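To start, the structure under review is shown below, and the notes come after it.
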Amino acid sequence: MHEFNWGLLIVIYLFLGGLSAGLFFAAGLANYLEVDGQPAYPRIARMGALLAPWPVAFGSALLILDLGTMHRFYKLFLHFRWESPMSIGTWLLTLFTALAFVYCYAWLPEDWRQKLFSRLPTTWKLIHHLNVDLSAYRKTFAMIGFPLSIGVGIYTGVLLGAVSARPFWNTNLVAQMFLFSALSSGTAALLLALVLDRRNPVEQRDLKFLVWLDVIFISLELFIILPYLIHGSLSVLAVKQALWLILGGPYTLVFWVFFLGFGLLVPLGIEVYELAPSLLKGKAFHGDRNLALAASALVLFGGFLLRYIFVYAGQLSSFHRMGMLR
């Protein structure tokens, strides 16, 4: 029986890291688009900023837990090595997480901020000096965060692709696939959060923006999956054999039906259906709340499954085991 060195905690970490990257990117984009000098989608920008730091922070904690020697993780910060994906990723995640928290703080309403600091002891004077309004720097933080969020989205795939002994992972298309999946997952999470907020009904213009954005990211992800399959079928024998894991092997059903079908094509069909009247007939967009809920939940389901499939199937593939599996 094959032993998996990377398990469910790594799958969750990869998913949550990509989710935060997508949330930050979508929030920053919503903040950067302007109408009359003001953010065109302020509610999306604020919601995304408030949500972005938490998934990656929780995922990083899970990664430290998975190391087994939690008290030694600080050693990752003692050196920086350009040739080490783990070293680059450690610093990239740290910078992105710190910026995401600062960006989240910059979007806190005044009353929230005052209430937060009022709960801290008055003797913590140094901490109370942080009680400042950073709203004027939101665009600056977003601009700095764009490349960092893209880097985190890519890195979750680079971490796998760097393992040359696993032919299922050994292509740069994995990093691109994970990037667009991360952006789509973040957009879907924002859509889900806005639709579930019953106290403040989502505006149609916000709904339309997120649906359009998700359609773009899902389409880009699909365009990467096809080259990945073609590249694998035209590659060396070990890669061809590794691809068998999703082309007749144990992960065929979960890849084609649950990930590609329910996780990508079904939500894409729902969102295109929602956009069709305004796109083809020029009618006003009227998004359905239940359809938005279904589409966003399926996208998140597909994003998680993508990481699950690649983490587990990749560990079954190696240059010396594929013949045994078949």
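The values are calculated or read from the model by the stated rules, or taken from the named source; none is laboratory data. None of these values were measured; they are calculated from a predicted model. As a convention, Cβ positions derive from the backbone with ideal geometry for all residues, glycine included, and neighbour counts pool all protein chains shown.
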Handout entry: Boolean, Phe178 is closer than 15 Å to Leu298 by Cβ and either part of a loop (DSSP other than H, G, I, E, B) or aromatic (Phe, Trp, Tyr) (or both)
Key = no
Exercise for the section: Run Met177 past the list (1) of a type in the set (A, V, I, L, M); (2) more than 30 Å from Asn290 (Cβ to Cβ); (3) in contact with a Leu (Cβ under 9 Å, 6 or more places away or on another chain) and report the number of the one that doesn't hold. Expected result: (2)
Problem - Of all residues in segment 143-175 being of a type in the set (S, T, N, Q) and not in a loop (DSSP other than H, G, I, E, B), the one that is nearest to Gly263 (Cα to Cα) - result: Thr156
Exercise for the section: Check off (1) within 24 Å of Phe304 (Cβ to Cβ); (2) touching a helix residue (DSSP H, G or I) at 6+ places or on another chain (Cβ under 7 Å); (3) at pLDDT below 95 for Leu8 and give me the number that stays unchecked. Expected result: (2)
Practice task
Considering each residue of segment 234-252, count those that are touching a Ser or Thr at 6+ places or on another chain (Cβ under 9 Å) and not in a helix (DSSP H, G or I), and give that number.
Solution key: 2
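Across segment 131-142, which residue is modelled with the lowest pLDDT among those that are in contact with a helix residue (DSSP H, G or I) (Cβ under 8 Å, 6 or more places away or on another chain) and not in a helix (DSSP H, G or I)?
Among them, the one singled out is Asn131.
Yes/no matrix, rows are residues, columns are (1) β-branched (Val, Ile, Thr); (2) in a helix (DSSP H, G or I); (3) over 23 Å from the mean Cα position of the chain (by Cα); (4) within 15 Å of Gly287 (Cα to Cα):
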site: Arg198; (1), (2), (3), (4): no, no, yes, no
site: Val202; (1), (2), (3), (4): yes, no, no, yes
site: Lys208; (1), (2), (3), (4): no, yes, no, yes
site: Trp212; (1), (2), (3), (4): no, yes, no, yes
site: Phe217; (1), (2), (3), (4): no, yes, no, no
site: Leu220; (1), (2), (3), (4): no, yes, no, no
site: Leu226; (1), (2), (3), (4): no, yes, no, no
site: Leu229; (1), (2), (3), (4): no, yes, no, no
site: Gly232; (1), (2), (3), (4): no, yes, yes, no
Handout entry: Ala98 touching a helix residue (DSSP H, G or I) at 6+ places or on another chain (Cβ under 9 Å), outside any loop (DSSP other than H, G, I, E, B), surrounded by 12 or more Cβ atoms within 10 Å (Cβ to Cβ) and free of Cβ contacts under 8 Å to residues at least 12 places away in the same chain
Key = yes
Fill in the blank from the handout: The condition of being surrounded by fewer than 24 Cβ atoms within 10 Å (Cβ to Cβ) and either under 19 Å from Leu237 (Cα atoms) or at pLDDT 90 or above (or both) holds, among Leu183, Leu190, Leu194, only for Leu194
Exercise for the section: Can you confirm whether segment 102-125 contains a residue that is loosely packed, with under 12 Cβ neighbours inside 10 Å, of a type in the set (Val, Ile, Thr) and either part of a loop (DSSP other than H, G, I, E, B) or more than 22 Å from the chain's Cα centre (by Cα) (or both)? Expected result: yes
Practice task
Being of a type in the set (Gly, Ala, Ser) and touching a residue at least 12 places away in the same chain (Cβ under 8 Å) is the filter; apply it to segment 211-234 and report the residue that is surrounded by the fewest Cβ atoms within 10 Å (Cβ to Cβ).
Solution key: Ser219
